[in-house]
């Protein structure tokens, strides 16, 4: 049995809205046609996916499982279409995504020395969309930070970097050589949407401020609304006159990885992964973290 991607897309719309009428409006189709497609999908799979009664629409256990699996599958199909389109145009292009503070230039230069015919573009990605942009083909390979939803991805650890506390310039601990997590216990947090990325001693999620990205983090901290935590590379790429970065050695280091869609097979992507791993190894060997981040080392000759 071949899974019909059109029916699957219709099911995801209904599962998201839990309402056939609103899902039909979003899909720009008639509600009876949507209902028939969902029934046909249930027949194809041999199990009910939704329950419908006077209280509304709800997912069955099978429906919840299908919804979990559907996202990566639909994103992969979309990415296939995009890659075929690029191939049909005869172009050789690689899109590299990267999280804030991660320098891609050393790997790009080494890769370009070996593949001068391939155009490499770079695009910054945020924590909340790093997996999505890989799965939907927006980027071919990504420098990501853990944690990340690894479903449908191949994730390779690359290197770790220390964590720093981000404090308002007037904070009692600003300017210290280092602080401990215990020193900051009870402080209000400027935190990211994924609470698992924050230290264990954190306030209730309703405390502090929810932010997206480093720029928002620095502005909220500078305004005295709380403290935060970033990878050390933030101190190289970002600065703010009203913010102080202080090392916090007892926090787990930030893990940087390379990620590609698990279904992707491409010699060009594989060669970029090799270049990225080689430049990371150079960094570890020379121990000059800041110089490597700023792209001062001529790794293309390595």
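Below are the figures for this structure:
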item	result
One residue from 177, 183, 194 being loosely packed, with under 15 Cβ neighbours inside 10 Å, outside the structural domain of residue 268 (by TED's automatic domain parsing) and either closer than 19 Å to residue 269 by Cβ or modelled with pLDDT of 90 or more (or both)	177
The one condition in (1) touching a helix residue (DSSP H, G or I) at 6+ places or on another chain (Cβ under 9 Å); (2) part of a helix (DSSP H, G or I); (3) outside the structural domain of residue 13 (by TED's automatic domain parsing) that residue 44 fails to fulfil	(3)
Single residue of region 18-46 satisfying the filter (under 17 Å from residue 64 (Cβ atoms) and without any contact (Cβ under 8 Å) to a residue 12 or more places away in the chain) that is surrounded by the most Cβ atoms within 10 Å (Cβ to Cβ)	42
Positions within region 257-268 being in contact with a helix residue (DSSP H, G or I) (Cβ under 8 Å, 6 or more places away or on another chain) and either surrounded by fewer than 16 Cβ atoms within 10 Å (Cβ to Cβ) or not assigned by TED's automatic domain parsing to the domain that holds residue 137 (or both), in sequence order	263
Residues of region 3-26 that turn out to be more than 27 Å from the chain's Cα centre (by Cα) and closer than 21 Å to residue 78 by Cβ, as a count	4
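The values are calculated or read from the model by the stated rules, or taken from the named source; none is laboratory data. Values in this document were obtained by computation on a predicted structure and should not be read as measured data. As a convention, Cβ positions derive from the backbone with ideal geometry for all residues, glycine included, and neighbour counts pool all protein chains shown.
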